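All of the numbers you see were taken from the coordinates with simple rules; none came from a lab. This one's a predicted model, so the numbers in the text were calculated from it and none came from an experiment. With ideal geometry, Cβ positions are generated from the backbone for all residues, glycine too; neighbour counts draw on all protein chains shown.
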Amino acid sequence: MIWLTWRQHRAETLVLGCILLTAVAGLVLVGLAMSHTFDQLGLGTCTRPASGSCAEASSSFDRQFAPTTLNVTVFLTLLPGVVGMFVGAPMVAREVDRRTHWLVWSQDVSRGRWLLVKSAGLLLLGVSAVGIFTVTLTWTLGTVFRLGTFSRLEPFFFDVQGVVPVAAAVFALTLGMAAGTLTRRTLPAMLIVIVLFGVVRFTVAQARFHYPPDPVTVAVPLSAGPMIPAGAWEIGFPVLLDPQANRVETRSPCAVPGPVQPACAGYRFIVAYQPADRFWRFQAIESGIYVVLAALLLALTAYWVRRLTV
Amino acid sequence: MTPALETLRLGRRYGRNWALQDCSLTIAPGHVTALVGPNGAGKTTLLHLVTGFLTPTTGVVRTLARVGFVAQGQPLYRSFTVEDTLVMGRRLNRTWDDERARKRLHGLGIPLSRPVGRLSGGQQAQVALALALGRRPELLLLDEPLASLDPLARHEFLRTLMESVAEEGLSVVLSSHDIADLARVCDHVVILSASRVLLGGDLADVLRTHKRLTGPRRENGRIANVERVIEARHAERQSTLLARVGGPILDPAWQVEDVSLEGLVLAYLALPSTALIAQRVEVLP
Amino acid sequence: MLTFHLDESSGVPAYLQLVQQVTYALRLGLLQVGDQLPSVREVVAALVINPNTVLKAYRELERMGLVASRQGRGTFVARTPGGAPPGELPALRQDLLRWLERAGEAGLDADGVLALFMSTFREAQDRGRATA
């Protein structure tokens, strides 16, 4: 059964492998270029916020690498869904569509063992591909975080770091398997995967704003320095309070960043953020959600496969 | 002697529709049985119940230990080579006769390195058959194996099948909605229509006990030794009956002829559904 | 080795046709005592028929005393059907060939030959002198 799973998915494994190889090579090159430029521009010596020559160096770096960073992050955000669609959806659907499930189940292999080995094999494939890509991307983006302007907890970056992409891939694959077993045709199953994966991913990303523990809320006096610690993820917008603790419009002159006006003494900002060190806790929560969903979908698939009469 | 296949009041329902009902059959080993009936009669349902793909709603089914199956359309992995297909057979089955399978395909001139998708329809059917036979089954079930094959391919397929029966003492059940090819190779027949078994038994017996009677027009009354009239046609002055007989027809008014298997099957399939439920011996309609 | 053929339109059961063909071959001396009949598998491969049909035919021939099957070795001719001893057949055949030549020289075509033969044959049967 292991041989059969490999032989059936040999072609797509090789294709995925080639894409992965090219992508990883590209990422490594980009990462090296980023690191090199970072040092060249002397950005390591800059403090936050950027000002003067640092600001210029920072914009220069942004101009050079922002488009690429955007592209690769979008790619990895979509990759789990794509894997789920093209690898997970056809797993049962194509077999039933082409009636080859009757061929396999006429041999000495039970439905249970068939499903177990096939799903394990494809999950391994998806996890490996997405995992390797995530690790490489994390290394590449290391330089970006040295700028100090971004947080790893930010939605854009959180989705492509740590274990969340792998957990999302597991979810997408099992979603594909379940959809394929339900529809018994590949195309509708793929459609279900795109739609549901997008919806769930979006919902979970929204839920992230409410992960325990609650954000840290502090009162920050006006100053030229940064309001939140390095790498922290700002939640919501800062609220400006006057010395009497009344809310002040953001149009107020005191809200303008820069050197502190004497008229604004006593004004302070109330700002909420999630500190950087909560990154792995949040990763665990989000991955946990995806894994639980995946387990339910796998159980559903197993149940439907057993009852398959077509 | 254990039957090759035995069913007792076997039935399968989908929602409110019965795909097969009240099916009780006993098939002795070493025979080739034709399962005949129109599309939707329940042939595939019966075969799937026997292979275990379906669970019965009512009744039981018992078979010999090793069952082989070739599904409708002879499904194969089209991107696999013939070699790959045989390797799959070897790896997925506890018992596997690799040498014989290869020898058979070699004898048919089917190259092992060619992808299955690029073989002709007849060759694909032969590969599917070789795969099923590789398991050394005691009972082989085939769902409409000849349906999509041209006459030459059909002939070659049946040749391979009959050779295997001769060599290995295999029991075979094959379904078809076309009876023409099967008369030579089958020695048992089961007629299925609208989810019920109409007739089942040894082919020679069945042919011996069904006769076509032609005589002066008569619509009522009994004829000695006629157990049941299957089909009756009345012209102005003549009646033609297809009847199941229990002995010789001695009434000189009737001219008695043999019936072909095809004629017999057609007559049974033309029976109205109300007649299918009646079990009693019938007289002239 | 004997080759079989089947005539599906004749109405004669398949196994009976096989029996008839073996009997015919024996009468003509095409099969001699001790010759082996084709194996069941060979007949099945040639005619694409049910093996049980062949078995039935061979059983019938065995019942008639014409053949004997030896376990694992095959089926062999045991004796020829009643009639002229095998040695007579070549001579009879020669006579028949000469008569056919004469008929041809006299101007009879194939149908004429058959008609003449059949009518004379029936006449001889009626007189009880033929050995049919």
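Just a few scattered comments:
- In terms of surrounding Cβ atoms within a 10 Å radius of their Cβ, B:188, A:210, B:31 rank from fewest to most as A:210, B:31, B:188.
- Between helix C:51-63 and chain C: long-axis angle, C-alpha atoms, 0 to 90°, nearest 10: 60
- Cα gyration tensor of the protein assembly as shown - equivalent ellipsoid semi-axes, whole Å, descending: 85, 30, 19
- Reach of residue A:118 by Cα under 16 Å, taken over aspartates and glutamates that are not fewer than 8 positions away in the same chain: A:12, A:95, A:108
- Sorting the segments A:138-144, B:247-253, B:151-157 by their mean number of nearby beta carbons within 10 angstrom, highest to lowest, gives A:138-144, B:151-157, B:247-253.
- Inter-chain neighbour count for B:161-168: the average number of beta-carbon atoms from partner chains within 10 Å of each residue's beta-carbon is 6.
- With a cut-off of 14 Å on the backbone N, the residues of the stretch B:116-137 near the modelled label site 7 Å out from residue B:167 along Cα-Cβ are B:127, B:129-137.
- Karplus-derived 3J(HN,Hα), 6.51/-1.76/1.60, for each residue of the stretch B:15-22, Hz, glycine and proline x: x, 9, 9, 8, 7, 8, 9, 6
- Once the gyration tensor of the Cα atoms in the stretch A:216-276 is diagonalised, the equivalent ellipsoid follows with semi-axes of 20, 13, 9 Å, ordered largest first.
- Over the stretch C:14-77, all Cα pairs binned in 10 Å intervals from 0 give whole-percent P(r) values of 23, 60, 18, listed from short to long.
- For the stretch B:203-258 versus the stretch A:75-140, the gap between their alpha-carbon centres in whole angstrom: 64
- Estimated purely from DSSP H runs of n ≥ 4, each contributing -39500 (n - 2.57), the mean residue ellipticity at 222 nm for chain A is -21500 deg cm²/dmol once divided by its residues.
- Across peptide C:38-46, the average count of Cβ atoms from other chains found within 10 Å of a residue's Cβ is 4.
- Taken along its principal axes, the alpha carbon cloud of chain A reaches lengths of 85, 44, 27 Å, longest axis first.
- Axial C-alpha extent at least 18 Å, average Kyte-Doolittle at least 1.0 - helices from chain A (DSSP): A:10-40, A:111-146, A:164-183, A:186-207
- Summing +1 for each Lys or Arg and -1 for each Asp or Glu among the other residues whose beta-carbon sits under 11 angstrom from that of residue B:113 gives 0.
- Helix B:151-168 axis versus longest C-alpha principal axis of chain B: approximately 80°, rounded to the nearest ten.
- For the pair residue A:149 and residue A:74, a Förster radius of 25 Å applied to the C-beta separation gives a FRET efficiency near 0.80, rounded to the nearest 0.05.
- For the protein assembly as shown, the dipole from Cβ point charges (+1 on Lys and Arg, -1 on Asp and Glu) about the Cα centre works out to 1240 debye, to the nearest 20.
- Tilt relative to chain C, helix C:88-106 - C-alpha long axis, 0 to 90 degrees, to 10: 40
- Proxy reagent accessibility, fewest Cβ within 10 Å first, across B:223, A:235: A:235, B:223
- Neighbouring partner chain Cβ atoms per residue of A:1-12, average, 10 Å criterion: 3
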